[in-house]
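Following: one structure in structure tokens, then a few remarks.
A short reminder: the numbers here are calculations on the coordinates, not readings from a lab. As the structure is a prediction and not an experimental result, all values here were calculated from the model. Using ideal geometry, Cβ is built from the backbone for each residue, glycine included, and neighbour counts are taken over all protein chains shown.
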Amino acid sequence: MSRLPSLRRQADGILSQTSADSPGRLETLLGAACSSAGAGADPWVRAVIPADEMAAGEFRRMVAGYNEIWERARTEALQASSASLAPRLFQMDLAASILGDFLWMLDLREKHGQPILWDRARPPGEAPPTALLQLLFAHLTNTTVALRRLVAEGMTLPAKVLFRQLSELGDMTLALAADFAFFGHYRAWTQSPDQSYAHWKKHLAPKKARAAVAALTARMGFDGATRSAMEEHRAGRYAWLSGSEHSNPVALLVDGIASSEDAPPHGSLLGGRAGAAHRVLAEHVNYFHYEFVSLAITLLIREHGWTMPAGERAAAEMVYRWRVLQSLYVLGEAVADRAGDTG
């Protein structure tokens, strides 16, 4: 690329003239980029695009035209979601607030010197349980918020990819809190790339975490039907999400080609859409939160001695929100079944 030396010299000048937070840096960068691209454009490109349309301002308008397609699709999906997915989107908001509560509980227990998980002596330099759980619950909360936005905007495929990450984070969190050996392997995860992958594959791969969660489910006292439903959902969820994450052509076809119900008025496959697949995804996300929060709270209370401080308003609100989340999920699915809602 013969323009590289010239572009690098221009970059030095731009750096000396503008700061990173300068409002004019984008205009300066874009002006230089358009000028360079226009000067080096093939003759047939210059014959089609007049020189005045290669200026930065015209280029911004060109890009804005494409952005209108996505923004229109986003607006339509959000409008449809606000009508058809309001209960399910609210459940995601509620779940995010509860996941954030776990961070507050960790801080409170540490402040009062209360046990977190297995508060045993640890080798020098290894992270304490509090730090590990803070990282995991923070990412669970943030991922839930980001996933909720994608679902609301009808971006089914990227939402499923993010949902796969959320599922793995959830299983990892439950596994390390339920199995001391798994916790030790997680805490000892090495930093060397080669050793890190081998260690992860041997001790911490998703199937290892799922096995630990399955053992946890079996000993938590759930009835047989509930336990079977949890295990079935968990196994089915990974299989369902893997197709989208690994670019399975059938999964991409299902996620990308709209049914007549899903098709946006402008006829583009770009942007999000609301429809049956959209509702099914929201249902699976809410079941994940229903299952995860129920298992996490039950586990921490029964096996790690977590108690809610008496008289603490925030603790009472956390438990109350958890009960509402459970009730909302059960009621919502019962209503959907009776109404014949396939989502």
Response to the item:
Protection proxy (average C-beta count within 10 Å per residue), highest first, orders 144-155, 220-231 as 144-155, 220-231
Practice prompt. Kindly write out, for the stretch 51-66 in residue order, the coupling ³J(HN,Hα) from the Karplus curve 6.51 cos²θ - 1.76 cosθ + 1.60 (θ = phi - 60°), rounded to whole Hz, with x marking Gly and Pro.
Written response: 4, 5, 7, 8, 5, 4, x, 5, 5, 4, 5, 4, 5, 4, x, 5
Worksheet item: Roughly how big is the stretch 130-216's charge dipole about its Cα centre, with Cβ charges of +1 (Lys, Arg) and -1 (Asp, Glu), in debye to the nearest 20?
Response: 160
Item to complete: Calculate the spin-label point distance for ASP107 paired with LEU331, positioning each point 7 Å from the Cα along the beta-carbon direction, and give it in nanometres.
Response: 3.1
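Extension gain GLU168-GLN114, at 0.36 nm per residue separation less the Cα-Cα distance, in nm? Kindly include the intermediate steps, with their values, before the conclusion.
On the way: separation 54, 0.36 × 54 = 19.44 nm, distance 2.79 nm.
Taking GLU168 through GLN114 to full extension adds about 16.6 nm, to one decimal.
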Item to complete: Take the Cβ-Cβ distance between ALA239 and LEU7 as r, set R0 to 45 Å, and report the resulting FRET efficiency rounded to the nearest 0.05.
Response: 0.45
Discussion item. Can you give me the C-alpha center-to-center distance between the stretch 60-89 and the stretch 21-54, rounded to a whole angstrom?
Written reply: 29
Worksheet, complete the sentence: Calc'd 3J(HN,Hα), the stretch 105-115, phi into Karplus 6.51 cos²θ - 1.76 cosθ + 1.60 (θ = phi - 60°), Hz, glycine/Pro = x, comes to 5, 4, 4, 5, 5, 5, 4, 9, x, 8, x
Worksheet, complete the sentence: Karplus-derived 3J(HN,Hα) from phi for the stretch 230-243 (6.51 cos²θ - 1.76 cosθ + 1.60, θ = phi - 60°), whole Hz, x at Gly and Pro, runs 4, 5, 5, 4, 5, 5, x, 5, 5, 5, 5, 6, 4, x
Worksheet entry | Ranked packing of 298-307, 312-321, 94-103, most packed first, by mean Cβ within 10 Å | 94-103, 298-307, 312-321
